[in-house]
Structure formats: structure tokens, C-alpha cells
Amino acid sequence: MNQFVTEWNTWRDSRNSALAKPFGWLSVVGLHWLDAESTWADAPGTFTVEDGWVTISLETGIKAGPAAETFDLLSKVENGGAGAAGGTASGAAVTNSGPTRATSPAVPSDTSTLPTVTDQDAVGGAGSDSAAGPDTGNGGHDAVPARPQVRVQENGFSAKLPAGGSLNWFTVGNVLYELIDRGGRLGVRVRDSKSPLLGKFFEVPVFDPDPDFVFLARFTRFDPVKTYTIETAQEDLQLQTQAAGTVTFETQQGEVSLLATGCPKTGLQLDFHDSTNGSTTSSWRTIDLGVPNQDGSLVIDFNRAVNYPFAFTSFATCPAPIEGNVVPFDVTAGERRPPFFYSEAGINVPFLFYVWWDEESAEVTRPWYSRFGLDITILNPSHDDGRISLVGFDGVAMSGGDLSPLGRKARSRLIDVATEALTSRIPVIGIGAYSAFVIQAQRELRSQQGYVDGIETEYAAPEDRLLIVMNNELDPKRAGFDIVHTDASGLIYVEMPFDIPLESERTEIAEFQAAMENGDSITSWQEFDYRMVALIRHHR
């Protein structure tokens with residue numbers, strides 16, 4: 001067990017280090033699909049497409065240089081070759097001594113060198129961004145990859161990609177411009193080594209390592225490979241991928257069989273869904289399986305399941321799992337959903353929310369948070385029993401109308417979460433009956449710190465009103481809330497009437513904003529949620 005944990009910690013450290021690279025996936029700040037002629041605000045010039053060649057004509061005064069990958073290609077051309085930087089999958093060597101597992105951390109690559117029939121934004125330890133092999137007639141299992149072509153122009157650069165290819169093309173200051181081909185569409189992805197997401201990165205949250213999520217599996221190769229149409233992280237983009245075969249393993253729920261992509265000679269990859277997606281984990285994850293043994297045996301270690309780049313940025317085009325690749329149990333192992341995310345609106349405001357209200361109300365209110373600008377990770381305090389670090393979150397709330405469904409462990413967990421938030425001086429909000437956990441955490445923390453607040457009687461809201469308690473990191477008056485009580489420990493109390501409608505008559509964000517700025521009373525729970533989000537965003 002000690003060796004298992006030690007190896008996992010080493011793998012995780014390597015994963016975090018790879019993500020923190022200056023032009024890694026956390027540096028991505030834009031994606032622009034190209035027409036015959038394209039430019040955009042802050043573009044270094046005009047991009048034109050002709051006969052598959054993309055040319056950048058730089059604006060006057062813009063100084064650009066070839067990226068390392070382009071420079072390498074140019075050097076090979078000058079030396080009589082047309083090569084590109086190669087990439088091979090990493091994984092355990094083929095042996096006859098027992099099943100193997102991937103030995104290298106599954107990390108996103110900064111470059112793509114293998115033209116493929118799938119998206120290049122994969123996370124295999126392969127050195128390419130793709131989960132599949134080259135786009136050849138046999139699925140690329142035994143073929144030499146096609147290579148990008150590059151030229152230097154009088155006032156810019158030109159490049160031509162193979163199908164599914166990517167090229168770290170040229171740099172302007174601290175910005176790298178990457179050329180990509182996705183399903184025949186050409187685009188330019190922008191990477192900034194000074195991106196706000198990269199600046200905030202600390203580590204990817206994970207579940208604790210658990211050997212129960214390690215399975216001995218067997219790989220059965222398809223001959224020939226099978227082609228599937230898959231969705232991607234971009235709603236308007238579908239791609240083709242090729243399954244190399246099936247991986248089958250026994251679980252407590254019975255036998256599970258899933259489709260693996262990649263190449264059995266250089267490394268397999270498993271993209272999968274499970275029931276934790278969208279709550280504690282991203283919409284899907286992937287595992288680098290390494291190379292199967294000659295008898296087809298291999299190890300599937302879900303503790304090494306990682307997020308695709310789309311979990312960090314909206315500018316990735318990652319391939320979704322092949323339809324049906326669903327693990328029939330909660331995979332509470334591997335990487336969790338990252339708290340930070342970058343989109344056209346900038347970096348998100350990640351917020352952790354423990355909640356137990358009726359499911360109908362929750363389904364209505366969940367979409368409000370993202371619309372109002374808060375990126376909510378919603379957990380059920382009884383069902384989601386893994387400890388989550390608050391590192392990276394901009395606050396935490398806990399909300400529920402009844403404490404009776406909570407067991408002892410769930411109650412202790414909520415007190416621990418509130419204590420961590422109070423200690424870390426980030427916003428913490430208790431709503432309804434769950435406000436008791438914030439109050440108890442504050443009382444215990446103040447006592448440990450030697451304070452004597454002398455609070456003999458706790459404030460109680462009238463029966464027809466909802467109590468909301470928060471720490472003094474927040475200023476509720478700024479969002480139009482009336483403070484009804486402030487206790488000696490520094491906690492702030494506000495109230496809301498229960499008998500207001502769920503949804504507001506207002507529909508536009510500007511209307512909610514104007515009502516708050518005008519000091520209008522809160523007449524719906526939707527308006528309440530808007531102001532709570534505004535309160536948190538003001539704090540940030």
C-alpha cells in the first residue's frame with residue numbers, strides 16, 4: 001500500500017508540473033476558426049487560407065518569431081528533410097511477466113505531431129494530443145505520421161497541416177499561436193504564458209488514492225479497427241475516431257467492457273463517462289492504459305483518471321467518449337473537476353455548494369448560477385462523502401431546510417468545511433438549517449484561538465423567515481441585503497421571507513442589476529440568488 005501511494009503521488013506531482021508549463025493547456029486564452037481571410041481584435045495580423053496553406057501577414061510593427069516546433073521543422077527542411085517533431089506513446093514495455101500499467105503521468109501535450117482522425121486535445125502520455133493513431137487506412141497502428149509543412153514569408157509565416165494535425169506555429173512576445181485542423185476545419189488557438197488561469201493554478205483536485213479502483217483487464221484487439229463518430233467539447237464539432245479494441249474487467253457490478261482508442265503497440269487510451277460527471281468530476285475523463293502484454297493483459301487504474309483540457313478551458317476541442325463507454329459505478333478516483341475555468345468571459349468564479357433541498361427546486365435553480373457568473377460545484381452532503389480541499393474555490397455555501405437526513409459523518413464534514421473556509425478567510429455562507437454548521441464552526445474556532453465572545457443565546461429567525469449566516473469577509477449591504485444581527489464573533493445574519501415566488505418577473509441580467517443598484521426589495525428566489533452571486537463576485 002505504501003508503494004502504491006508513493007507511486008501515485010509521484011505520478012500526480014508530474015501531472016501538476018506538466019500542467020504548469022508556460023505554454024501548457026492552462027495558458028490557452030482563445031480559439032479562432034479561420035475563413036478564407038480572418039482577423040480579430042488583438043490578432044497579430046491577417047490569416048488567409050489557400051489550397052490548405054495558412055498564411056499570417058503580420059501587422060506593421062509586430063515582431064514575431066517561429067515557435068520551437070516550427071524552427072525544428074524549418075531546420076529539417078534546410079537539411080534536406082521534411083520532418084516534424086515526432087511523438088510516441090509512453091507506457092510499460094511488453095513483457096510476459098504479468099499485466100502492465102501506464103508508468104508515465106497522463107499529461108496534456110503542448111504540441112501535436114500525429115495527424116489523427118480524432119481531436120488532438122487528448123491527454124495521453126503520448127507526446128501528441130490525440131487519443132488515436134495517424135489517419136491511415138489501418139487506423140495508424142503501424143504507419144509513419146504525416147508531418148506539417150512550414151515556410152517563412154517576407155512578412156510572416158505559412159504552414160500546412162495534415163488531417164487532424166496541430167502545430168505550435170509562431171510567437172509574439174509571451175503569446176504562442178497554434179495552428180490546428182479539426183475535422184477539416186482550420187483554426188488558430190492562442191496560448192498566453194501570462195494567462196490568469198496559469199497564474200492561479202496550484203494543483204488539480206483529486207480523490208484519495210484507493211486500490212479498490214485498480215482492475216486487472218484484458219484487451220481484445222479489433223482487426224480491422226472500428227470507426228465511430230463522436231462528439232467533442234465544441235458543440236458544433238463532430239469527429240471520427242477509431243477503436244483499437246475492447247478492454248474487459250470484472251467488478252462488483254459484474255463484467256464491464258469498454259472501447260479503447262490508441263495503438264496497442266505504442267499505448268492505449270480509455271475515455272469514459274460515469275455517474276460522478278457534472279458534479280464532482282468533469283463531463284468525462286480519460287486514462288492512459290499503456291501497452292498491453294502479449295497475452296492482452298493490462299491494468300486499469302482509475303486513480304490515474306485525468307481531466308481533458310476542456311475541463312480547464314472552453315477553447316479545447318477534446319473528443320468525447322465513444323457512445324456507450326460508461327462505467328456502471330461511481331468512479332470516485334482520479335482527478336476531480338477543476339475549480340478554475342477560462343472562457344470568453346475570463347476566468348470563472350468557482351464556488352463549492354453543499355445542498356439538500358428538494359430536487360425539483362434544485363433543477364430550476366442550478367442554471368441560474370452559471371448565468372449570473374458563478375461556477376458552482378454542487379455536492380450532496382450525505383452522498384458525496386469525499387473530502388474536498390477548498391484550494392482554488394472562491395467560497396463555500398451550505399444550504400438545507402432539515403438536518404434530520406444528515407448522519408454524524410455528514411454533519412462533521414460540513415463543520416470541517418466551514419472551519420476550513422473560516423480559517424482560510426474565504427466567504428462561507430450557511431442557509432436555513434445548515435447555518436448551524438457555520439455558527440458551530442465559528443464558535444469552536446474562536447474558542448481554540450482563545451477568544452471569549454460571551455454569546456449565551458444564539459439568534460433565531462422567525463418561523464416564517466429563512467436565516468442566512470455568513471462570515472465578515474462579505475458585505476451583504478453591498479448587494480441590497482438588510483442585516484438583522486451581527487454577533488460578537490463577527491458572523492453576520494440576514495433573513496428572507498419563505499413566501500416569495502421561485503422565479504422572477506425580470507428576465508434580463510441588466511434588470512436584476514438595476515434592481516439591486518436601486519435598492520429594490522427582493523421579490524423572488526431568483527433575485528435572491530442573483531444578489532448572493534453578486535455579493536461573492538464583489539468580494540473577489
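Looking at this model, which pairs from LYS63/LYS160; LYS76/LYS265; LYS200/LYS409; LYS76/LYS226; LYS21/LYS63; LYS21/LYS409 are more than 29 angstrom apart at the alpha-carbon? Please list the in-between numbers first.
Details: LYS63/LYS160 22 Å; LYS76/LYS265 27 Å; LYS200/LYS409 32 Å; LYS76/LYS226 35 Å; LYS21/LYS63 23 Å; LYS21/LYS409 39 Å.
Check vs 29 Å cut-off fails for LYS200/LYS409; LYS76/LYS226; LYS21/LYS409.
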Just to confirm my numbers, what's the Cα centroid distance between region 446-505 and region 368-421 in Å? 18 Å
Answer in debye to the nearest 20: the dipole magnitude of region 349-539 about its Cα centre, from +1 Lys/Arg and -1 Asp/Glu charges placed on Cβ, is 800 debye
Calculate how many DSSP beta bridges within region 349-539 are antiparallel, expressed in % of all such bridges and rounded to the nearest 5. 45 percent
Listing ARG285, ARG413 from the residue with the fewest other Cβ atoms within 10 Å to the one with the most, what is the order? ARG413, ARG285
So for region 349-539, using the alpha carbon gyration tensor with a ≥ b ≥ c as root eigenvalues (a/c under 1.5 gives rounded; past that, a/b versus b/c decides prolate or oblate), I'd call it prolate
Under 1.5 on a/c is rounded, so check that first for region 185-262, then, if it is not, pick prolate when a/b is larger than b/c and oblate when it is not; a ≥ b ≥ c are the square roots of the alpha carbon gyration tensor eigenvalues. oblate
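Peptides 531-537, 181-187, 445-451, 224-230: what's the order by average Cβ count within 10 Å, highest mean first?
On the way: 531-537: 21.3, 181-187: 18.1, 445-451: 11.7, 224-230: 15.4.
Packing proxy ranking, top to bottom: 531-537, 181-187, 224-230, 445-451.
Please list 162-168, 406-412 highest first by mean number of surrounding beta-carbon atoms within 10 Å per residue. Write down the numbers at each step before the final one.
Details: 162-168: 25.1, 406-412: 13.9.
Taking the mean over residues of other Cβ atoms within 10 Å, the ranking is 162-168, 406-412.
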Provide the packing ranking of 371-378, 504-511, 313-320, i.e. peptides ordered by the mean count of other C-beta atoms within 10 Å per residue, highest first. 313-320, 371-378, 504-511
Please report the spacing between the Cα centers of region 270-348 and region 37-80 in Å, no decimals. 33 Å
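Rule-based calculations on the coordinates, nothing more; no lab input. From a predicted model like this one, the values you see are computed outputs, not experimental measurements. Counting neighbours? That spans all protein chains shown, and the Cβs are built from the backbone with ideal geometry, glycine included.
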